[in-house]
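The values are calculated or read from the model by the stated rules, or taken from the named source; none is laboratory data. Keep in mind the model is a prediction, meaning the values are calculated, not measured. Positions of Cβ are generated from backbone atoms using ideal geometry, with glycine treated the same way; all protein chains shown enter the neighbour counts.
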Amino acid sequence: MKDFVLYCKSYSGDFLRLKNLLESIKRHNIDQIPFYISTPSSERGFLEEVLGKQNYVWIADEDIIAANPKASLDQYLAMPGGLSQQIVKAEFWRLGLAENYLCLDSDSKFIRDFRQSDFVTNDKVPYTVLHQNKELFQMADNRGHIKVERDLRVEAERVKALFGRSGPNFYGAPSPFNWSARVWKSLDQEYLQPQGMTIWNLITPEFPESLIYCEALLKYRAIPVIAIEPLFRAYHYDWQYFLMKRLGETEEKMARHYLGVIYQSAWDSDNQIGLSNKSLPSRLLRRLKRFGRYLQSYI
């Protein structure tokens, strides 16, 4: 079992983004940390067509699912992709490949050199992204996006109550998530098994995996809590991206404080396979709305 690896759960629509991530890992991975990619088995051929076969290890999502004897492949197939991928990412630890793993999203990339010591201590304890989201909340309030803070606070309160914790809200997002197998195992042994549940019943749109992990860590203390701020700069929204660019933010400047950057696929349509399938009016409306938000960044 390795001390630490990189891992990304992806799917065919994100393979061009994933290719950019892979290229950034090849360029900046000083310690040659192993990189694992999982996809549905049916998409392996297309993955290798886009990425080639080098510089990563492919794993079938189905193998991760099968590693949990109580998991159901039918349940996985019936779930929306956005939800099932959260659970597959959280179950990667069951393969026994690593004690700790950095769980990356396809729409991210590294922007400077990194080493294993950026993610784990000499005792192989992972640093945990754990913060209160104040910068994002303040920026959203400044721009009139009140719903951002409201929705995230409600979500955090909901998950916090699940574990019976009171006090400040903490967030483990944005990705990449620096996760320990011991934390996920403690959740399974201390919370899920006594209630006759599996993680496939626990993680839902109301109870996301990033918050579940943080609250399980704070509840069961499977590892020492060594809190850090987010590892990557995340542009959650296009209005945020336009505003920060207008203020002079560049990848070169970000590299002083962050290991990488995320251009969230929810708004960034570049390198998205399958977008051309949308109707012309739909694509034009999308571009018009985005241009309107660009203009708003000057207000």
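Only a single item in (1) surrounded by fewer than 21 Cβ atoms within 10 Å (Cβ to Cβ); (2) out of contact with any strand residue (DSSP E or B) (no Cβ under 8 Å at 6 or more places or on another chain); (3) more than 30 Å from LYS124 (Cα to Cα); (4) among the charged types (D, E, K, R) is not met by LYS70, and it is number (3). Quick one: is ILE228 in contact with a strand residue (DSSP E or B) (Cβ under 8 Å, 6 or more places away or on another chain), surrounded by fewer than 16 Cβ atoms within 10 Å (Cβ to Cβ) and farther than 20 Å from GLU155 by Cα? Yes.
On the given criteria, is VAL57 at pLDDT 95 or above, of a type in the set (A, V, I, L, M), under 15 Å from LEU102 (Cα atoms) and surrounded by fewer than 19 Cβ atoms within 10 Å (Cβ to Cβ)?
Yes; evaluated as a whole, the condition is true for this residue.
Looking at GLN240, GLN189, which one is out of contact with any Phe, Trp or Tyr (no Cβ under 8 Å at 6 or more places or on another chain) and either among the aromatic types (Phe, Trp, Tyr) or modelled with pLDDT of 95 or more (or both)? Matching residue, one of GLN240, GLN189: GLN189.
Cβ-Cβ below 8 Å, separation at least six or inter-chain, first residue in segment 205-230 and of a type in the set (Lys, Arg), second part of a helix (DSSP H, G or I): which pairs? Every condition considered, the pairs that remain are LYS219/GLU190; LYS219/TYR191.
The set of residues in segment 121-154 being within 30 Å of MET1 (Cβ to Cβ) and either in contact with a Phe, Trp or Tyr (Cβ under 8 Å, 6 or more places away or on another chain) or surrounded by fewer than 18 Cβ atoms within 10 Å (Cβ to Cβ) (or both) consists of THR121, ASN122, ASP123, LYS124, VAL125, PRO126, TYR127, VAL129, LEU130, HIS131. Being at pLDDT 95 or above, touching a strand residue (DSSP E or B) at 6+ places or on another chain (Cβ under 8 Å), farther than 15 Å from CYS103 by Cβ and not acidic (Asp, Glu) holds for only one residue in SER10, SER38, SER24, and it is SER24.
Under the condition of being in a helix (DSSP H, G or I) and under 18 Å from the mean Cα position of the chain (by Cα), which residue from segment 24-49 is farthest from LEU73 (Cα to Cα)?
As a first pass, look at segment 24-49 and keep what is in a helix (DSSP H, G or I): 24-28, 41-49.
Filter once more, keeping what is under 18 Å from the mean Cα position of the chain (by Cα): 24-25.
Numbers: SER24: 33, ILE25: 31 Å.
Here the answer is SER24.
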